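The values are calculated or read from the model by the stated rules, or taken from the named source; none is laboratory data. Please read all numbers here as calculations on a predicted model, not as lab measurements. Note that each Cβ is placed from the backbone with ideal geometry, even for glycine, and that neighbours are counted across all protein chains shown. We work out accessible area using only protein heavy atoms, side chains counted, and drop any ligands, DNA or RNA first. Shrake-Rupley method; radii C 1.70, N 1.55, O 1.52, S 1.80 Å.
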Amino acid sequence: MPIPVLTSLVIIFIIWLNYEIHKSSNRSKKDMDLFWNREKESNASRRTDISNLNYIVISTAQLPMADSLDETINSYRDTIIEL
């Protein structure tokens, strides 16, 4: 008696697994299509001049620039100053 029950449970599991795989692949395909449509739209947009964009200017007076015992911190400070 337990063999037909076990067989039916296995069949139900296989059907459920097939359903979930199909649902996941459809969702993945829809997301991929949406992504490529957005990419296509962005590639079709006209180029604009970016020479007059406002950039963020951070004063080094607001950052801690004192020497530290840790050389890693000093190297980070030097990199920030160079940038």
Candidates L63, L17, L34; GNM for the chain (alpha-carbon contacts under 10 Å) flags as most fluctuating L63
For K40, go through the lysines and keep the ones whose alpha-carbon is under 18 Å away, minus same-chain ones fewer than eight residues off. K29, K30
From the square roots a ≥ b ≥ c of the eigenvalues of the alpha-carbon gyration tensor of the chain, which class results: rounded (a/c under 1.5), prolate (a/b over b/c), or oblate? oblate
Charges only on Cβ, +1 for Lys and Arg, -1 for Asp and Glu: so what's the dipole of the stretch 3-63 about the Cα centre, in debye to the nearest 20? 120 debye
Per residue accessible area of the chain, 1.4 Å probe, in Å²: 102 Å²
In the stretch 1-52, trypsin sites (Lys or Arg not before Pro) in a DSSP loop with at most 10 other beta-carbon atoms within 10 Å: R46, R47
Loop chymotrypsin sites (Phe, Trp or Tyr not before Pro), the stretch 18-83 (other Cβ atoms within 10 Å of the site Cβ: 10 or fewer; DSSP): Y55
The chain - mean residue ellipticity at 222 nm from DSSP helices (-39,500 (n - 2.57) per run, n ≥ 4, rounded to 500): -23500 deg cm²/dmol
Within a Gaussian network of the chain (alpha carbon springs, distance under 10 Å), most fluctuating of I12, I73, I56: I73
The chain: angle of helix 71-82 to the longest principal axis, Cα-based, in degrees nearest 10: 70 degrees
Charges on Cβ only, +1 for Lys and Arg, -1 for Asp and Glu, centred on the Cα centroid of the chain; of S51, N18, A66, which one is farthest towards the dipole's positive end? N18
